[in-house]
Each structure stands twice: as structure tokens, then as C-alpha cells.
Amino acid sequence: MSAFRICVVGCGNMALTGHGPAYRKYASEHADTVLAGCCDLDRAKAERFRNEFGFERAYTDYRTMLDELHPDVVCLLSPVQYTCELAVEILKKGYAVLLEKPPGRNTEEISRILSQAQEAGVSVRSAFNRRYTPLVMKLRQLMKGERILNITYQMYRRNRRDADFSTTAIHAIDAVKHIAGCEYESVDFLYQNLPEHGGQVANIYMTARMENGSVAQLTLVPMGGTTVERVTVNTDRASYFAELPFWSNPDCPGRVRRMAGNEVTDDIPGDRLVDECTPFEESGFYEENRSFFEQLRNNAPVHCDLQAAIQPVEIADCIRRRIARYEK
Ligand SMILES: NC(=O)c1ccc[n+]([C@@H]2O[C@H](COP(=O)([O-])OP(=O)(O)OC[C@H]3O[C@@H](n4cnc5c(N)ncnc54)[C@H](O)[C@@H]3O)[C@@H](O)[C@H]2O)c1
């Protein structure tokens, strides 16, 4: 097999903490991987990333990088407001793209990316890392074949005064859809405005009816007391409790438990599911990159998971616009 060449656009926080370590590990396990180029508008950031993770060349213009290096995949880790324009341009050039969430701020943006991917006939993955978090994968495996009755998802953060928390909330919205294995039928939203922390700051409560008849409750709290993400699922046979690890939060390395009657039938700590207890493995960054790269290297049919992301983008946009009810 010929060399597999990776290029990165955007060398900021997520690149340094989540993705860069994943590329380094992937390259150490696949000798024919070439960490070809990284690009940031800020030369110092591009150089720092190149040095830290062993990329061959650093750029400040992604077009020049792509024209010179012709990579097999482009990882787009830019700020939300530029994702759509950059993704469309890169896809137009015919490169497969893994793009950081959200894959658009509204349906118009995600539709533009999706149409361009279809026109260019290349693979795209939206980096919703909860889908690839080893404990979430294990939870889904344990529940297989059981009928889901309800899901609760608690996303708590501390001191998050973001003007637009919907771009973080979309993780929980997508994760619930992924765990339920179906789309949302309707959602009622309640906003607890916290103007003392800034004009747009609000805790968000969602009650959703899912298409498979289950009910989901999401509590999305930017101004909580700690940083955790916890999921509870009741099925027709058992109750599941998952504590997800990320960024060294108090639940690290996390665990998932299955209880049926008075018994704990499964109790799986997160550290059993990863090689090393590092945020980039525990939180799914490694697996989301690794599995996408493997698809591309094995010439798997063109795959685009953006269709499945349209509804999470629509629902996150409801939060942005403080809509009270969503119906599919
Ligand atoms: N998966 C997660 O848990 C998670 C968490 C936070 C953020 N994110 C997502 O990650 C993405 C990046 O967030 P971040 O926190 O790293 O932001 P950041 O601002 O730290 O980094 C983004 C970098 O992109 C660079 N950039 C902007 N336009 C560019 C261009 N045209 N060419 C090259 N570089 C360009 C900026 O200079 C900046 O260094 C966002 O889409 C965000 O939603 C994901």
C-alpha cells in the first residue's frame, strides 16, 4: 500500500489537545503514514504544531499546502464560523475531510457541505467524538437487542459564558440520537436565562420524544458546579449508568454499569477500554480519526455521515434561536 498522507487545517486548541496526539499515535502504529503538512493563519501556531507532532511542513495558506502535498485526508479543525466555507473549498478540490463539529451552524451550511461532498464524490466525517468514545461504544454494545424506554443525558460545565453554547450542546444532542439509534420526533425546550452571567447564558432543558417511542431528557448546563457528562438508559431488561471521561474531569476514567433487578451484571471502568488513560483516547478522538483513516486506506465505498448530522444541527440551531418546540 502506498503512503497515507495527512494534512491539518487549523492548529489551535483542539488540534493540540485532541487530534494532534491521535495523529502521532496513528503514525507510530502505521509506518507508512506521512504527517505531511499542517496549516494555521498564525505561523507560530502552525510551527508549534509541526514541532510537537512531527509534521513535515508548516503553512499559513491551506490552498498552497494542498496544491503542494496532495494529501489522502484533510482534517479541518477551524473555528465554527469558518467550517462551512473551508469544508466546501477543500471538498471542491476533491479531498476527503474529517471536520470538527458542528458540521455547520444551520441547515443551510450543512446542506452546502453535504451537496459539495456528493458532487465531488469524496468521504466526509463529522468529528462527533462522543460516537467514538470507548465507553459510549461499550454502552451501545451492552444494550444491543434491548428495547430502549428512556435516556437521560446530563452535560454539566463550569463557568461557560459562551455567547453560543449550542455548538457544545450539539454533542449531547447527537449522542442521544446515536444511543437511541433513531431520530428525534419532537422536542420541547425550557431555557433558564442567567443574564447575570452574560446576555446569552442559559441552562437548557430538553424533553424529547424519539422516533422509536422512547423519551429523552437532556439537561445542558453551562453554569454548573462541575464538568461531567452522564448518561442513564432504561431498557426493557436493564438500567445502564455511564459516566463519560474527558479532559481529566472528576469522572475520569469513567465507567459504565448495567443493573438488572438487584444485580450489577456488568461494571466496566473506562481504563479497561483504552491503551492509555489520555483524553485523546478516552474521549474518542483517537478512534474517530483511526477508523476514518482506515476506511480511506481500505478504499471503502465513499462514506458521508453528514446526513445523520442534519437533525442535530437543526436542533442545536433551535437552541441558538431560543425556540420552544421542535417537530421533525
Ligand atoms: N470535539 C470537541 O470536544 C470540541 C471541543 C471544542 C471545540 N471543538 C471544535 O473544534 C474546532 C476548533 O476549535 P478550537 O477550540 O481548536 O479553536 P481555536 O480557535 O483554538 O483554533 C482554531 C485555529 O484555526 C485557525 N484558522 C482559522 N481559519 C483558518 C484558515 N483559513 N486556515 C488555517 N487555519 C485557520 C485559527 O488561527 C486557530 O488557530 C471548532 O469547530 C470547535 O467547534 C470541538
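Within the range 6-61, the set of residues being more than 10 Å from the ligand (Cβ to nearest atom), in a loop (DSSP other than H, G, I, E, B) and touching a helix residue (DSSP H, G or I) at 6+ places or on another chain (Cβ under 7 Å) comprises Gly54, Phe55.
Search the range 175-210 for residues being among the charged types (D, E, K, R), farther than 20 Å from Pro102 by Cβ and modelled with pLDDT of 95 or more, and hand back the single one that is surrounded by the fewest Cβ atoms within 10 Å (Cβ to Cβ).
First, pick out the residues of the range 175-210 that are among the charged types (D, E, K, R): 177, 183, 185, 188, 196, 209.
Still in the running and farther than 20 Å from Pro102 by Cβ: 185, 188, 196, 209.
In the following step, the residues that additionally are modelled with pLDDT of 95 or more were identified as 185, 188, 209.
Numbers: Glu185: 15, Asp188: 12, Arg209: 16.
Among those residues, the one meeting the criterion is Asp188.
Restricting the search to the range 62-85, which residues are within 13 Å of the ligand (Cβ to nearest atom) and within 20 Å of Leu35 (Cβ to Cβ)? Please lay out each step first, then the result.
Of the range 62-85, the ones within 13 Å of the ligand (Cβ to nearest atom) are 62-66, 74-85.
Residues satisfying the conditions are Tyr62, Arg63, Thr64, Met65, Leu66, Val74, Cys75, Leu76, Leu77, Ser78.
Among the listed residues Val302, Val274, which satisfies the condition of being touching an Asp or Glu at 6+ places or on another chain (Cβ under 6 Å), touching a residue at least 60 places away in the same chain (Cβ under 8 Å) and hydrophobic (A, V, I, L, M, F, W, C)? It would help to see each step written out before you state the result.
Working: Val302 fails: touching an Asp or Glu at 6+ places or on another chain (Cβ under 6 Å).
It is Val274.
Cβ separations smaller than 6 Å between residues 6+ apart or across chains give the following pairs from the range 144-162 residues that are in a strand (DSSP E or B) to residues that are buried (at least 16 other Cβ atoms within 10 Å of the Cβ) and of a type in the set (Asp, Glu): Met155/Glu229.
Just for the range 212-226: of the residues that are touching a residue at least 24 places away in the same chain (Cβ under 8 Å) and loosely packed, with under 15 Cβ neighbours inside 10 Å, which one is nearest to Ser248 (Cα to Cα)?
Looking at residues that are touching a residue at least 24 places away in the same chain (Cβ under 8 Å) and loosely packed, with under 15 Cβ neighbours inside 10 Å, I get Thr226.
In the range 29-55, what count of residues is obtained for those that are among the polar types (S, T, N, Q) and in contact with a Cys (Cβ under 8 Å, 6 or more places away or on another chain)? Walk me through how you get there before you give the answer.
First pass over the range 29-55, keeping only residues among the polar types (S, T, N, Q): 33, 51.
In the following step, the residues that additionally are in contact with a Cys (Cβ under 8 Å, 6 or more places away or on another chain) were identified as none.
Residues meeting the conditions: 0.
Quickly run through the range 96-111 and pick out the residues that are within 14 Å of the ligand (Cβ to nearest atom) and either part of a strand (DSSP E or B) or on the phi < 0 side of the Ramachandran plot (or both). So that I can check it myself, show each step before the final result.
First pass over the range 96-111, keeping only residues within 14 Å of the ligand (Cβ to nearest atom): 97-105, 109-110.
Matches in the range 96-111: Val97, Leu98, Leu99, Glu100, Lys101, Pro102, Pro103, Arg105, Glu109, Ile110.
Determine whether the range 131-154 contains at least one residue that is buried (at least 16 other Cβ atoms within 10 Å of the Cβ), closer than 25 Å to Leu86 by Cβ and within 16 Å of the ligand (Cβ to nearest atom). Yes, the range 131-154 has at least one match.
Residues in the range 86-95 that are away from the ligand (no atom under 13 Å from the Cβ) and in a helix (DSSP H, G or I) were compared, and the one that is surrounded by the most Cβ atoms within 10 Å (Cβ to Cβ) is Leu91. Here is the figure for the range 284-307: residues that are touching a helix residue (DSSP H, G or I) at 6+ places or on another chain (Cβ under 8 Å) and part of a helix (DSSP H, G or I) total 9. Within the range 182-201, the set of residues being small (Gly, Ala, Ser), in contact with a Lys or Arg (Cβ under 8 Å, 6 or more places away or on another chain) and without any contact (Cβ under 8 Å) to a residue 40 or more places away in the chain comprises Gly198 only.
The values are calculated or read from the model by the stated rules, or taken from the named source; none is laboratory data. Source: prediction; values computed, not measured. Virtual Cβ from ideal backbone geometry, glycine too; neighbours counted across all protein chains shown.
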